[in-house]
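Read the structure below first, then the notes.
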Amino acid sequence: MRLKRVAIIGGGIIGLLTVWDWEEAGYKVTVVDKNDFHDGCSYGNAGMIVPSQIVPMASPGVPANGLRWLFNPKSPLYINPGLDLNLASWLWKFFRSRERNN
């Protein structure tokens, strides 16, 4: 029998749960992550997935925080600066969406 292999990109809670599923299905799994698995996005929420505790970015007052986060590489919404017209268009539409949701 030939060994089945798969690679998972991202070692957060979702990536690691995916690894578990694939290994249960008999695959040899490799996890690729740019960090050492100690302080990714799952670190801040202790590995819990709790949708009820998340404030949607389009909620009133949140876009101002989002704009500050864009320039902080340690924030949850950092976007590497560069000239990308598609991204700029999407960000503008996203920012404007709060007006439609109020």
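Write out, first by first residue and then by second, each pair whose Cβ atoms fall under 9 Å of each other, whose residues are 6+ apart or on separate chains, and whose first residue, in the range 73-93, is assigned by TED's automatic domain parsing to the domain that holds residue 62 and aromatic (Phe, Trp, Tyr) while the second is in a helix (DSSP H, G or I) and surrounded by 10 or more Cβ atoms within 10 Å (Cβ to Cβ).
Note: pairs meeting the criteria are 78/69.
Does residue 19 satisfy being touching a strand residue (DSSP E or B) at 6+ places or on another chain (Cβ under 7 Å) and either modelled with pLDDT of 85 or more or not in a helix (DSSP H, G or I) (or both)?
Taking the combined requirement at face value, the residue satisfies it.
The values are calculated or read from the model by the stated rules, or taken from the named source; none is laboratory data. Values in this document were obtained by computation on a predicted structure and should not be read as measured data. Cβ: placed from backbone, ideal geometry, glycine included. Neighbour counts: every protein chain shown.
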